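Heads up, the thing below is written out as C-alpha cells.
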Amino acid sequence: MAVRARRGRLNGLGFLEHGGLDRVQFVDLPEPVPGPGEVRVRIKAASFNHLDLFTLEGIPGVDISRPHVLGSDGAGVVDRLGPGSDAPTEGSRVLLNPGLWDGSCEACRKGEESLCRNYRILGEHTQGTATDLVVVPERNVHPIPERLTFEQASAAPLVFQTAWRALATVARLVPGESCAIIGAGGGVSTAAVQVARRLGARVVVATRSEEKAAQVRRQGGAEALVFGPEAPLERVLWGWSEKKGVDVIFDSVGQPTVGRSLLATARSGRIVVVGATAGPKVEIDLRTLFWRQASLRGSTMAGAAEFRAVLAELDRGTLRPVVDSIFPFQQGRDALARLADPRLFGKVVLTLP
Ligand SMILES: [Zn+2]
C-alpha cells in the first residue's frame, strides 16, 4: 500500500519497494509508543552501513513491513520511558546498540546474545534509525561517552562491536600477532584497524587502491599494501609477514579475496569473515586449511558484554569513530549513495533536524 504523506510529516528515510537507490524516499511513520521496559529516543544523528543497501535491495528470508525506515546506528536523547523503565534519565545523551535479542533462549542465558535464536538487527528486521523517534528495549540504550558528539556516537555501535567480537572473541587475536584487514575505507574496516591495534597486533590493511592505502597510512595504526592482478593478495601478504604467513585475517570482501587470504595464513592462522560485500561464494584449497591447521570462522555483531567493552574503549579514547561525511536529513539519498563511492573512508552520518 502506498503511503501518501503530508508535507512536513515525512519523518523517515527509507523505501516502499525494494530496489536500488532510486527507491529511497522520505516516508511517513506513526509516532512509536514505548512499551514496558522500552525507551523512546529522539534521534540527533544516524549512520549507515552496507547492510542498509542490502536491506533496500531485499534480503532473502527477511520479510519486513513497509514503509521501511533504514539505519541501524543512532544517537540522540532519551525522549520518553515506557512503563517500568527507569535506567536512563529523560533528556540524557544516549547511543543505541542495534543488536536485538530475546534474553530468554539458551544462548542469551549464557551471555552469547549475538547467537540468540531470535537475533535481529535494528533497521534490518525492524524500523531503523533514520527518523526522529525510535523505540528500543532499555538494555539497548547506553550513555554516550563524554568525548563523543552525537555524530561520532552514531558512527560507532555496529562497526566497532562487529570488529571487536570478530577479532577479540572469535579470532582470539593476541598481542604480538600479525593481523591483516582486507579492504580499506569501509566503516567496519576502519574500526577493525583500531580494534586490532588495541589488541596489540601488528596491523596491515590490504587494498586495491593506492589512494586508499595512502589514507590508511595518514590515519595511522596500520601499514598499507596494494594488491591487484600484478601483485596477488596472497603474495603481498606473504611478503609482508616475512614468509611466516599472517596470524589473523579479517575479510569482509568475500568472493575475490577469501580463497587468497587462506593462502596467506600462518600455521594455526585464523580467517574471520564478517561480510561478503563483493559476493558470497568462494573456492578454497582444503589442503592449505588442514596442513597449516588454519581455521575459517564467521562472526556477526556482538553480545552485550562485548558491546560494553567497546563502550569502555570509546570512553577511554582508545577506539575513535572515523566519520567520512555528514549529511543533513534532506540529503539522505546522497548519504546512502556515498556508501558505494570509491572515495569512502569511514562512516556516513545523517543528522536529524
Ligand atoms: Zn535469545
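Laboratory data are not the source of any read-out in this text; all were calculated from the coordinates shown. What you see is a predicted model; the values in this text were computed from it and never measured. Cβ placement follows ideal geometry from the backbone for every residue including glycine, while neighbour counts extend to all protein chains displayed.
Counting helices only, and only those DSSP H runs with n ≥ 4, report the 222 nm mean residue ellipticity of the chain as the sum of -39,500 (n - 2.57) divided by its residues, in deg cm²/dmol to the nearest 500. Write out the running numbers ahead of the final one.
Values: 11 runs with 87 residues, N = 353.
Computed ellipticity for the chain at 222 nm equals -6500 deg cm²/dmol.
Within the shell of other residues whose beta carbon sits under 14 angstrom from the beta carbon of His18, the net charge comes to -4, with Lys and Arg scored +1 and Asp and Glu -1. Considering only Gly245, Gly259, Gly186, the mean-square fluctuation computed in a Gaussian network model of the chain, springs between alpha carbons under 10 angstrom, is largest for Gly259. Take every pair of alpha-carbon atoms less than 8 Å apart whose residues are at least six positions apart; their mean separation over the length of the chain yields a relative contact order of 18 percent.
Simple rule: put +1 on each Lys or Arg Cβ and -1 on each Asp or Glu Cβ in the chain, find the dipole, and look at Ile144, Gly317, Ala130; the Cα lying farthest toward the positive end is Gly317. Protection proxy ranking, highest mean first, for peptides 122-128, 27-33: 122-128, 27-33, where packing is the per-residue count of other beta-carbon atoms within 10 Å, averaged. Backbone amide hydrogens, once placed in the peptide plane, bring His142 within less than 5 Å of Leu95, Asn97, excluding anything fewer than 5 places away on its chain. Comparing Ala309, Ala335, Ala192, which has the greatest mean-square fluctuation in the GNM of the chain with Cα pairs linked when under 10 Å apart? In this elastic network of the chain, the residue with the biggest mean-square fluctuation among Ala309, Ala335, Ala192 is Ala309. Each residue of segment 139-144 was assigned a 3J(HN,Hα) from its phi angle through the Karplus expression (A = 6.51, B = -1.76, C = 1.60, θ = phi - 60°), giving 5, 8, 10, 9, x, 7 Hz with x at Gly and Pro. What does the charge add up to near Ile43, with Lys and Arg as +1, Asp and Glu as -1, over the other residues with Cβ less than 14 Å from its Cβ? Result for the neighbourhood of Ile43: 0.
Nearest 5 is fine: what % of DSSP beta bridges in the chain come out antiparallel, could you say?
Details: 32 of 59 bridges.
DSSP beta bridges in the chain are roughly 55 percent antiparallel.
Applying the criteria of a DSSP loop state and at most 15 other Cβ atoms within 10 Å to the trypsin sites (Lys or Arg not before Pro) of segment 7-105 yields Arg7, Arg9. Rounded if a/c is under 1.5, else prolate if a/b beats b/c, else oblate: with a ≥ b ≥ c from the C-alpha gyration tensor eigenvalues square-rooted, which is segment 4-55? Oblate is the answer for segment 4-55, as a/c is 1.5 or above yet b/c matches or exceeds a/b. What does the C-alpha gyration tensor say about the overall shape of segment 160-298? Classify as rounded when a/c is under 1.5, otherwise prolate if a/b is larger than b/c, or oblate. Verdict is rounded for segment 160-298.
A simple charge model with +1 on the Cβ of Lys and Arg, -1 on the Cβ of Asp and Glu and nothing else charged puts the dipole of segment 160-298 at about 340 debye relative to its Cα centre.
So what's the net charge close to Ala155: Lys and Arg +1, Asp and Glu -1, counting the other residues with Cβ under 12 Å from its Cβ?
-1
Compactness of the chain was expressed as the Cα radius of gyration divided by 2.2 N^0.38 Å, which yields 0.99.
Run through segment 15-90 and list the GluC sites (Glu not before Pro) located in a DSSP loop whose Cβ has at most 13 other Cβ atoms within 10 Å.
Loop-located and lightly packed - Glu17, Glu90.
Amide H contacts for Arg202 (H built 1.01 Å from N in the peptide plane; partners 5 or more residues away or on another chain; cut-off under 5 Å): Gly176, Glu177, Ser178, Cys179.
Go through segment 143-213 and name the GluC sites (Glu not before Pro) that are in a DSSP coil and have 10 or fewer other Cβ atoms within 10 Å of their Cβ.
Working: sites: Glu146, Glu151, Glu177, Glu210, Glu211; in loops: Glu146, Glu177.
When the GluC sites (Glu not before Pro) of segment 143-213 are filtered for loop state and at most 10 Cβ neighbours within 10 Å, Glu146 remain.
Answer with one residue from Phe227, Gly254, Thr351: the one whose Cα lies farthest towards the positive end of the charge dipole of the chain, charges on Cβ with Lys, Arg +1 and Asp, Glu -1. Result: Phe227, furthest along the dipole toward the positive end.
Might you report the magnitude of the Cβ-based charge dipole of the chain about its Cα centre, with Lys and Arg at +1 and Asp and Glu at -1, to the nearest 20 debye?
Details: 43 positive and 38 negative charges, 123 e Å.
The calculation lands at about 600 debye.
Is the shape of segment 1-137 rounded, prolate or oblate, going by the alpha carbon gyration tensor and its root eigenvalues a ≥ b ≥ c, with a/c under 1.5 for rounded and a/b larger than b/c for prolate?
Details: a/c = 2.01, a/b = 1.21, b/c = 1.66.
It is oblate, given that a/c is not under 1.5 and a/b is not larger than b/c.
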